[in-house]
1. Normalising by the residue count of the stretch B:3-222, find the relative contact order in percent from Cα pairs under 8 Å and 6+ residues apart.
2. Over all distinct Cα pairs, what is the inverse of the mean 1/r for the protein assembly as shown, reported as the Kirkwood hydrodynamic radius in Å?
3. If you average 1/r across every pair of different Cα atoms in chain D and take the reciprocal, what Kirkwood value do you get, in Å?
4. Which one, A:93, A:58, A:168, is farthest towards the positive end of the dipole of chain A when Lys and Arg carry +1 and Asp and Glu -1 on their Cβ?
5. Compute the long axis of helix D:3-19 from its Cα atoms, compare it with the longest principal axis of the Cα atoms of chain D, and write down the angle in degrees, 0 to 90, nearest 10.
6. When the Cα centres of the stretch D:172-235 and the stretch D:25-89 are compared, how far apart do they sit, in Å?
7. Work out the length of the dipole vector of chain A about its Cα centre, built from +1 on the beta-carbon of each Lys and Arg and -1 on the beta-carbon of each Asp and Glu, and round it to the nearest 20 debye.
8. Most exposed first by the Cβ proxy, i.e. fewest other Cβ within 10 Å, how do B:84, B:41 rank?
There are 4 protein chains.
Amino acid sequence: MSLSDLKRAVWQANRVIVDAGLVVLTWGNASGVDRGAGVLVIKPSGVAYDDLSPDDMVAVDLETGDHEGPLRPSSDTPTHLHLVREFPQIGGVVHTHSAKAVAWAQAEREIPCFGTTHADHFHGPVPVTRRLTGVEIRDAYEHRTGVVIAERVRQGGPDALKVPAALVAGHGPFAWGATVEKAVDNAVALEAVAAMALDTLALRADCGPLDRTLHDKHFLRKHGPGAYYGQDADG
Amino acid sequence: MSLSDLKRAVWQANRVIVDAGLVVLTWGNASGVDRGAGVLVIKPSGVAYDDLSPDDMVAVDLETGDHEGPLRPSSDTPTHLHLVREFPQIGGVVHTHSAKAVAWAQAEREIPCFGTTHADHFHGPVPVTRRLTGVEIRDAYEHRTGVVIAERVRQGGPDALKVPAALVAGHGPFAWGATVEKAVDNAVALEAVAAMALDTLALRADCGPLDRTLHDKHFLRKHGPGAYYGQDADG
Amino acid sequence: MSLSDLKRAVWQANRVIVDAGLVVLTWGNASGVDRGAGVLVIKPSGVAYDDLSPDDMVAVDLETGDHEGPLRPSSDTPTHLHLVREFPQIGGVVHTHSAKAVAWAQAEREIPCFGTTHADHFHGPVPVTRRLTGVEIRDAYEHRTGVVIAERVRQGGPDALKVPAALVAGHGPFAWGATVEKAVDNAVALEAVAAMALDTLALRADCGPLDRTLHDKHFLRKHGPGAYYGQDADG
Amino acid sequence: MSLSDLKRAVWQANRVIVDAGLVVLTWGNASGVDRGAGVLVIKPSGVAYDDLSPDDMVAVDLETGDHEGPLRPSSDTPTHLHLVREFPQIGGVVHTHSAKAVAWAQAEREIPCFGTTHADHFHGPVPVTRRLTGVEIRDAYEHRTGVVIAERVRQGGPDALKVPAALVAGHGPFAWGATVEKAVDNAVALEAVAAMALDTLALRADCGPLDRTLHDKHFLRKHGPGAYYGQDADG
């Protein structure tokens, strides 16, 4: 994929998260990676969505973090960079302050898997990070945010696509995927699942998690070698 | 109705459930039946709604389940097929992951009839299926989903249009009707009723069901030989 | 106002309640009255909103209830007629199944006045009717619905515009006003107030009503001889 | 900025709060100030948003409160005037009855800072005013509303932009900013934060406030001399 195509894909992703209702004001950013070219492309910082064109997307060097061009990249860039560096499966990252996912993050509760909607996207509960320490907040805060996410993801195993999202305690959701488009899908699914889980608890405060067999069934019919959902599946 | 007309009706139904806010990403599918032609028409699997045209709708043989054409039918097709085969009154089926109905399905609570909005469409509570067993999940899962729905519907009597919807435990809603248009109406009504019932319980945790006489009155003024609602009614 | 102008105003009102999100499917109807001409104009029964033109609005004789033209009036017409006959101040009636107001009606709780949003439109709590008896449901149900509303309104005094709305137990909201436009405003305000009151109780379960002096202040700055809100006010 | 430009900015602000879903019917108004010209520009009272043009915005003398032109200014003008007179940092004020913020105002609970979404805009909880006395309600009510807001804001210190919003008890939110555009942003942020905080309490009734170090970090990376968020930041 050319840099120009990646910028268009990232620009498009930043529009979709707005259209899907995940973003208020400028509280959201999506990035995509080209590992061959060693570049991460991300939204510029604090610019209104309506004013953005694909060319405004900022290319950041994957190794050095330096960026080209006149616009400064999103202030959350160090978080995106850390996730992409730590997990080779990740091709795109999305951060929003979508309302229901933020509520779970603020309450510091992981989102249990209560149903197949969750299971279709996340092969386990959506975890919450630990809080950052005072030192971590004061020094390289956005980088440290990536560190606590990565730390929490690794507790679930080496494959970051198994549960492609996490809630940063007291902050909000990050989602990712093999491409920036899949990262957007996971961010959308996360917000839907967060809303459904809230209402589920209102109806049954002690609701248990979905049966493990059914959880596996739904995740695996969409992901992995035996997948049979969609037009590209092998099954 | 020609196959081409049925495809257009099913395509339209798949658009209406999106416009009505019942569908996130590609989580929804509607089908319609032509019993004379022995065919069920349904949305293809995992294709974005914006990219669909009426011609993309997939015709499936009602008896064999085989499909024509290049696109694979929705992975939920065996569920639709089973409902249509079991209940001769059904002319269309709609499956979504609409948020409030999913919450009831995840909490495994049937939706009581708390008011006339419910009574206008459902002549009793909207039931929840039992959970599928491990064996049912592993073998022919989507077919088995249809089986547990049919099993639950039959407990309410032979007429599947009396309460034209059910919640699959830990999964979400299926709705149906004499036509695909009526199935869509019932899916829309179900989501509205699920939301209202949640808020009703927040206001009165021990709320009892609607008076039976009033429930009958509302259902029967819209359905059956004495109906007097709408322009085609006899009453 | 000519009959043609009244039909246009009623058609417009029926569109506004849809655009304001108060109506799902065809669950809503608005009517307007011309007392000089002895006519009530109302939406036809069970027709999709998109298919309606001003000419489709049905004129009903205020005294006899007979209607002209090919389309049957809304099945709720007897309720509208009764309210209009009982209260000379009423020039328009709106009935919807708006979600939050329905929840209060289903829980059979009146909506307390918790704030100035409520006070601006309703000079007291929005009341709930008693339940209809079996006899009332079986015989002239829609007329009897008007009777129980009128009965409840009269308990608050002779002026139906003091609190221009009521919740029918187990059913939903009716709102009214001096014109059909004001009836629509009151229906919109009612749904907003119902939603706010639900959330207020979630934050303070024992919340008391707004201070009476403030309630009076807000209602009276908009209504009556001392009003000073808007461009037409005298104050 | 010319008077004509200010009127356009204020008109635009009044449209944005509608498009952002903060305004039902005509329940909202935004104003902007030109201190050099000694003028506050505000929406006229009770006019439908669709009918407004920039020229309809009403210029009010900052000192005398007199207005020019045929349209009467918003009935809430004395509240805006008082805030602008009391706090030299304020360049714009927004008042709405946005649903979730109103719920907190009606419950008379301040909105705690549960997360970084809140911290990005408000450097502390969003406070609630005391109730107005009977005398204050009867005499110069709208002016007195400004007085109780200013009184509450001063309890937090002299800088009104530290926490640029307050909830008037039993009424609803006022927000402000250095410009009318920033006031709108703060009104939008306030409603989002009010919704998230409600859901946070549903998930954790005893949720504590965000860590102070993190709160400071987020507020200060957007505001003040060390800010590094957005394209104009120094950091």
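No lab work stands behind these numbers, since they all come straight from the coordinates. No experiment lies behind these values; they were computed from the predicted model shown. For neighbour counting, all protein chains shown are included, and Cβ atoms are generated from backbone atoms with ideal geometry for every residue, glycine included.
1. That works out to 23 percent.
2. One decimal place: 29.5 Å for the Kirkwood radius.
3. This gives a value of 18.0 Å.
4. Looking along the dipole axis, the top candidate is A:168.
5. 50
6. 26
7. 600
8. Neighbour counts put them in this order, fewest first: B:84, B:41.
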